[in-house]
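The values are calculated or read from the model by the stated rules, or taken from the named source; none is laboratory data. Values in this document were obtained by computation on a predicted structure and should not be read as measured data. Cβ sites come from the backbone with ideal geometry, for glycine too, and all protein chains shown count toward neighbours.
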Amino acid sequence: MKSKQIKIALRNCGHIDPEDIADYISKDGYAALGKCLTGSREAVIETMKKSGLRGRGGGGFPTGKKWELAAAVPGEKKYVICNADEGDPGAFMDRSVLEGDPHSVLEAMAVCGYAIGADEGYIYIRAEYPLAIKRLKIAMAQAREAGLLGKNILGTGFNFDIGLKYGAGAFVCGEETALIKSMEGNRGEPVMKPPYPAQKGYMGKPTNVNNVETFANIPAIINNGADWFASIGTEGSKGTKVFALAGKVKNVGLVEVPMGTTLRELIYEIGGGILNDKQFKAAQTGGPSGGCLTEKHLDTPIDYESLKQAGSMMGSGGLIVMDEDDCMVAVAQFYLDFTVEESCGKCVPCREGNKVLYQLLNKITHGKGEVEDLKKLKNFSEIIKSASLCGLGQTSPNPVLSTLDNFYDEYYEHVTEKKCRSKNCRALIKYIIIPEKCVGCGACKRACPAEAISGEVKKIHLIDQEKCIKCGACYQKCKFNSIIIE
Amino acid sequence: MACQIKENEIKEKVIEICGEFKNDPNDLIAILHKAQNHFGFLPKEVQAAIAEILNISSAKVYGVVTFYSYFTMEPRGKHPISICMGTACYVKGAEKVLKEFESKLEIKNGQTTRDGKFSMNTLRCIGACGLAPVIMIGEKVYGGVKQEDVSKIIKEYE
């Protein structure tokens, strides 16, 4: 599982005691901060730019450029914010970094504060991550005691301290303007950009927002040099990316691989292949904003650009593997259900449009779809993408568009033949007892909550399709494999 | 149900919590977290008291409470059951587990059993995708939950 991996963001996770600052310091911890504080602010920004590091939260904006913008805005008071509102279902790399190596994030935030001229930072963290919160609090107290946070850090006259702000379960708060609104005690609704947070952010002051994984890379970049970091990865995407490998794959968990690693290497070499040796169908990246990659993308080197070209996106790094048993229409519906619930409701295309997409998909998975609906799906998707206010709406139709592109056959079967080849959509399947195999034990009849099964003991049983609610209880109870799904 | 908490008790506690944050409306979300921790949920009365002390409208407080899924205006059961509906759990059958809990407890997602013992809600990813499908009862995490495990799990709390 380890051969292809290079650990930069996760370098200390599992190797140090996250509750002991001495352990972190023994691994060159806070050396990067010391190094930066003896040089100029411009030099720090220059290093970041040269390294080619891009935002790991999903957008992929160059970090050095972002810092440069925030540094250039005049102002006495500026803020550094760490986005730890990991809301993408199926991704948990930020949590692992915060729990396993909290000091690396604190150190990087201080470096950022020095570079842009801020003396205050906040970590916006999900309330659902109690252990990460506990460890951050311990780490902040230890860093303050050691003089690595607070006033006059390392005797250089540089002041920087960090506080925590809690999220409360809203996916849209991963968008930086919504996050800032939420930090100020409001509903997390995004606002138009410009002005960018670098100009007018938290409390109206210039603010720089980076994600946890982005920050975790920074001390390593400063210690080892920008050239070292830039030597890893592809032309446009430098360094490594942490993926949360999950779903129908043998080895699940966090992996950190150089940018440019292929999907095949990730799934088959690192992930050990598909669970129960079933057929690979798709890999979903980018969460509700991303799309599905298929067989034909297995050998594409993964980086920001190539994923975009394939109709998906890097996102925060969730990678969910799906096999032949997963229905792609149902998967698209699952994501739209998420988006409908998480849309903040501020702009119409996202609030109403996604509802329409969801209803169309629901119609299709319930066997009531028409060919015309497939066109509608595409049209509405394009409108939502182009007219929504923030990143959530602009990317929410991606799961629909990419499954339509790659699995049009499946959609078509659903609407014309009313068939779900993965036998996933309840309305489109039938449970049937094979007479030759039925021994008449009556287990299915007893299990059926709808009293849809008839038959006497030791005689062949029968399922009344009118009454059947397709719960699958009989299928599970039958010990003789005499019930099949059609 | 909200009247289970006495009015003066609400006022006293809310004054104390808001005081910890210097009655700063910018800390509304942190204050709501603390209040929910204490009262178990955020009934109208608690929201009104917070609004009064922070000198903001109750509409603003209500707007924030209903925006975030972590906040609830319904009392939770003694054993709150959270079912993860993140993508990894979904593809590994979380929906079946959810349906099974609904039928065994005879409540719908988001409701509380009549005896107040169990309440149920879904959440989006607790970051334990390696154990999918995952559920939580109180603070305890159950991984790799199958439909047929549900009765056994409920029994642990009866």
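Have a look at A:E176, A:E184, A:E189 and point out the one that is within 23 Å of A:R56 (Cβ to Cβ), assigned by TED's automatic domain parsing to the domain that holds A:T38 and acidic (D, E).
Selected residue: A:E176, the only one of A:E176, A:E184, A:E189 that is within 23 Å of A:R56 (Cβ to Cβ), assigned by TED's automatic domain parsing to the domain that holds A:T38 and acidic (D, E).
May I ask you to list the residues in the range A:309-329 that are touching a helix residue (DSSP H, G or I) at 6+ places or on another chain (Cβ under 9 Å), outside any loop (DSSP other than H, G, I, E, B), more than 9 Å from chain B (Cβ to nearest Cβ) and more than 11 Å from A:G290 (Cα to Cα)?
If the condition is that a residue be touching a helix residue (DSSP H, G or I) at 6+ places or on another chain (Cβ under 9 Å), outside any loop (DSSP other than H, G, I, E, B), more than 9 Å from chain B (Cβ to nearest Cβ) and more than 11 Å from A:G290 (Cα to Cα), then A:M328, A:V329 are the ones that fit.
Among the residues of the range B:106-119, write down those that are charged (D, E, K, R) and not in a loop (DSSP other than H, G, I, E, B).
Answer for the range B:106-119, where residues must be charged (D, E, K, R) and not in a loop (DSSP other than H, G, I, E, B): there is none.
Tell me the residue from A:K368, A:K346, A:K355, A:K308 that is closer than 23 Å to A:E417 by Cα and either of a type outside the set (S, T, N, Q) or not assigned by TED's automatic domain parsing to the domain that holds A:G58 (or both), please.
Result of the check over A:K368, A:K346, A:K355, A:K308: A:K368.
Check off (1) buried (at least 16 other Cβ atoms within 10 Å of the Cβ); (2) assigned to a helix (DSSP H, G or I); (3) within 10 Å of chain A (Cβ to nearest Cβ) for B:S103 and give me the number that stays unchecked.
(1)
Looking at the range B:1-56, which of its residues are part of a loop (DSSP other than H, G, I, E, B) and loosely packed, with under 12 Cβ neighbours inside 10 Å?
Residues satisfying the conditions are B:M1, B:K6, B:K22, B:N55.
For the range A:58-127, which helices (runs of 4 or more DSSP H) that fit wholly inside it have 3 or more residues that are under 22 Å from the mean Cα position of the chain (by Cα)?
A:93-100, A:102-116
From the residues in the range B:107-147 that are touching a helix residue (DSSP H, G or I) at 6+ places or on another chain (Cβ under 7 Å), within 14 Å of chain A (Cβ to nearest Cβ) and free of Cβ contacts under 8 Å to residues at least 40 places away in the same chain, which one is nearest to A:R95 (Cα to Cα)?
B:G127
Which ones in the range B:77-91 are farther than 24 Å from A:D85 by Cα and either touching a strand residue (DSSP E or B) at 6+ places or on another chain (Cβ under 7 Å) or part of a helix (DSSP H, G or I) (or both)?
Those that are farther than 24 Å from A:D85 by Cα and either touching a strand residue (DSSP E or B) at 6+ places or on another chain (Cβ under 7 Å) or part of a helix (DSSP H, G or I) (or both): B:G77, B:H79.
Tell me the residue from A:K200, A:K181, A:K134 that is free of Cβ contacts under 8 Å to residues at least 40 places away in the same chain, part of a loop (DSSP other than H, G, I, E, B) and of a type in the set (D, E, K, R), please.
Going through A:K200, A:K181, A:K134 in turn, the sole match is A:K200.
For A:C327, only one of the following conditions fails: (1) in contact (Cβ under 8 Å) with a residue 60 or more places away in the chain; (2) over 22 Å from B:G144 (Cα atoms). What is its number?
(2)
Across the range A:173-199, what is the number of residues that are more than 15 Å from A:S388 (Cα to Cα), touching a Pro at 6+ places or on another chain (Cβ under 8 Å) and away from chain B (no Cβ under 12 Å)?
Here the count works out to 4.
With the requirement that a residue be away from every other protein chain (no Cβ under 14 Å) and assigned to a loop (DSSP other than H, G, I, E, B), what does the range A:252-308 give you?
A:M259, A:G260, A:T261, A:G273, A:Q279, A:L298, A:D299, A:T300, A:I302, A:D303
Mind listing just one residue for me: the one in the range B:57-76 that is part of a loop (DSSP other than H, G, I, E, B) and either crowded, with 24+ Cβ neighbours inside 10 Å or among the aromatic types (F, W, Y) (or both) and, of those, farthest from the other protein chains (Cβ to nearest Cβ)?
Checking each candidate, the answer is B:F71.
For the range A:3-38, give me each residue that is among the basic types (K, R) and without any contact (Cβ under 8 Å) to a residue 60 or more places away in the chain.
A:K27
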